Amino acid sequence: MINKDLSYVRVGRGLGEFPADNESKMFVVANGFQEFELSQFEYTVWEQIHRYETLAAWESAILQKVKNIPNFDFSKIVRRLIERNLIMPWSFSDMQDKNLINLQVTRYGYAHGLINEEYLIGDSNANKTFVFTKDQYDVWNAAAGKVMLLEVIDTLMDQRGINFETAISLFNIHGLKLYKLTLWGLEYVNADQLEVQA
């Protein structure tokens, strides 16, 4: 069952349009060790889903744009993207969550540090500087390099001396913001596959 009241995030890296053998356009998303071919519409859903607060809000916006297309099934597209681990709800509650275990985060941006009582993060791609609270900064900083999401939570627990419940709460709130600001990128990398390749 798809919970449309949650925020969803895209997972993977968009590689854009590739030549197709037929008339339709083909787009590719790389995710972990796999590449997926998507239709232009699937790619648009994948690419823009993070702009909306909830999946229901995104569905409402899409349905307004495609109301003249007969038999359009937004839920079918969403299910297909979820099955391929290309989108997921941003809501974690326990250490056994498969997304928490198998998602890798890449941290973007650079720290200016604490300046005039504000934590500043720079983003060279967007040529912006973000002002963060200590909590937001600590969550961003816990994702040093490329690490699994569960490692980010472990780092938060160690660095701040907090329990899992407090760390996961901080992670759920601030990790989503970091993702939406494009200061974090996500890829589904099966943790078992990482151990085999190491």
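The values are calculated or read from the model by the stated rules, or taken from the named source; none is laboratory data. Note that the structure is predicted; figures quoted are calculated from it, not measured. Here the Cβ positions follow ideal geometry from the backbone for every residue, glycine too, while neighbour counts run over all protein chains shown.
Only one of 129, 155 is part of a strand (DSSP E or B) and either modelled with pLDDT of 95 or more or not aliphatic (A, V, I, L, M) (or both). Can you tell me which?
On inspection, the qualifying residue turns out to be 129.
Just name the residue that is farthest from residue 46 (Cα to Cα) out of those in region 4-29 that are among the charged types (D, E, K, R) and in contact with a strand residue (DSSP E or B) (Cβ under 7 Å, 6 or more places away or on another chain). Steps first, answer last, please.
First pass over region 4-29, keeping only residues among the charged types (D, E, K, R): 4-5, 10, 13, 17, 21, 23, 25.
Right, trim to in contact with a strand residue (DSSP E or B) (Cβ under 7 Å, 6 or more places away or on another chain) and you get 10, 13, 17, 25.
Details: 10: 6, 13: 10, 17: 14, 25: 15 Å.
Per the criteria, the residue is 25.
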Inter-residue pairs, beta-carbon under 6 Å, first among the polar types (S, T, N, Q) and in region 57-77, second exposed (fewer than 11 other Cβ atoms within 10 Å of the Cβ), 6+ apart
none
Please enumerate the residues belonging to region 67-107 that are of a type in the set (Phe, Trp, Tyr) and under 18 Å from residue 173 (Cα atoms).
90, 92
Residue that is within 17 Å of residue 9 (Cβ to Cβ) and out of contact with any His (no Cβ under 8 Å at 6 or more places or on another chain), where the choices are 139, 131, 152:
152
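Select from region 62-117 the residues that are basic (Lys, Arg) and part of a helix (DSSP H, G or I) and list them in ascending order.
The answer is 65, 76, 79, 80, 98.
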Quick one: in region 84-132, which of the residues that are among the β-branched types (Val, Ile, Thr), surrounded by fewer than 19 Cβ atoms within 10 Å (Cβ to Cβ) and in contact (Cβ under 8 Å) with a residue 24 or more places away in the chain is nearest to residue 2 (Cα to Cα)?
101
I'm told residue 69 meets every condition in (1) out of contact with any Gly (no Cβ under 9 Å at 6 or more places or on another chain); (2) modelled with pLDDT under 90; (3) closer than 24 Å to residue 187 by Cα except one. Can you identify the failing condition by its number?
(3)
(1) surrounded by 15 or more Cβ atoms within 10 Å (Cβ to Cβ); (2) in the same structural domain as residue 184 (by TED's automatic domain parsing); (3) within 19 Å of the chain's Cα centre (by Cα): which one isn't true of residue 146, the others all being true?
(1)
